[in-house]
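Worksheet: the structure to be examined is printed underneath.
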Amino acid sequence: MKKYYYLIILFTLLFCSAKATHNRAGEITYKQISAYTFEFTVTTFTYTLSAVELNGGRVSLEVEWGDNTTSEAPRITRLDLPDYYRKNTYVIRHTFPGPGTYRIVMQDPNRNLGVLNIPNSVNVIFSVETTMLISPQLGTNNTPVLLNDPIDKAAVGRIFIHNPAAFDYDGDSLSYKLTVCTKENGVPIENYTPPKSSHKPIYVNAVTGDLVWDAPVDTGIYNIAMLIEEWRKGVKIGNIERDMQVEVHNTNNHPPVNP
């Protein structure tokens, strides 16, 4: 009887491990190589204890280019971070057929277990997208570089502020707004809800890019999506959808105060 009891426990642990898959955050950026050729970087943050990551993680990811073609982007780097995060970088070049607006999508099953504002997150496909306008009249374009990773920690009852630290080498104007986390084919997730706040609803400053959460109510894991829009001469030339994950904890640590 004891033997069967241990087998049941082992099966349960293995089942939970397999279910604890694995995508936590991510984004797609690019730089222009020539008139219609671009180099894309897909960055994902994954849960290192998931079955997928314990087996080595994704060595490549499929990217949809918005021109009725797809490619496999190979993983270039893999970096383990504290608290069971892994940063994965995939790089690939693609040549588009000509001018136009293209929606680049990466989707991968699935999100990690236990995201409180995404119902049944472990069974929801993770996706991120970037939209680009190729126009000879507008000239060369590269997405902004996002210097802060899309992962962070917050405290119950204390104001939380996160900024992507976006820098645009082309000098284009940037604007920011909240959007909805997406699933398969870049479709918004049904019943996705913004994290609850004790004071003001969570928002993004359209000019500075500050994501302000005043203040988290409950501990746990939450995902938040931010749209970073790029403008040139009054024309929107693209946007990055950044899907970020925030862990909320009970803590006695206070944020620094500027004198």
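Put simply, of Pro164, Pro119 the only residue that is assigned to a loop (DSSP other than H, G, I, E, B), exposed (fewer than 14 other Cβ atoms within 10 Å of the Cβ) and in contact (Cβ under 8 Å) with a residue 60 or more places away in the chain is Pro119.
For Ile104, the conditions (1) open to solvent by 10 Å² or more (accessible area, probe 1.4 Å); (2) modelled with pLDDT of 95 or more all hold with the exception of (1).
Listed by first and then second residue, the pairs linking a residue in the stretch 54-65 that is open to solvent by 90 Å² or more (accessible area, probe 1.4 Å) to a residue that is among the charged types (D, E, K, R), with Cβ atoms under 9 Å apart and 6 or more places separating them unless they lie on different chains, are Val59/Arg75. Scanning the stretch 25-37 for residues that are closer than 17 Å to Glu62 by Cβ and more than 13 Å from the chain's Cα centre (by Cα) returns a single hit, Tyr30. In the stretch 34-85, of all residues being among the polar types (S, T, N, Q) and outside any strand (DSSP E or B), the one that is farthest from Asp243 (Cα to Cα) corresponds to Ser34. Across the stretch 168-189, the number of residues qualifying as exposed (fewer than 14 other Cβ atoms within 10 Å of the Cβ) and either at pLDDT below 95 or on the phi > 0 side of the Ramachandran plot (or both) comes to 3.
In the set (1) open to solvent by 30 Å² or more (accessible area, probe 1.4 Å); (2) at pLDDT 95 or above, the condition left unmet by Ala25 is number (1). Is it fair to say Lys153 is outside any loop (DSSP other than H, G, I, E, B), surrounded by fewer than 16 Cβ atoms within 10 Å (Cβ to Cβ) and modelled with pLDDT under 95? So Lys153 does not fit the description; no.
The values are calculated or read from the model by the stated rules, or taken from the named source; none is laboratory data. Only a predicted model underlies this, so the values are computations on that prediction, with no experimental measurement involved. No Cβ is skipped: glycine too gets one built from the backbone with ideal geometry, and neighbour counts run over all protein chains shown. In case anyone asks, the SASA skips ligands and DNA or RNA and just uses the protein heavy atoms, side chains included. Shrake-Rupley method; radii C 1.70, N 1.55, O 1.52, S 1.80 Å.
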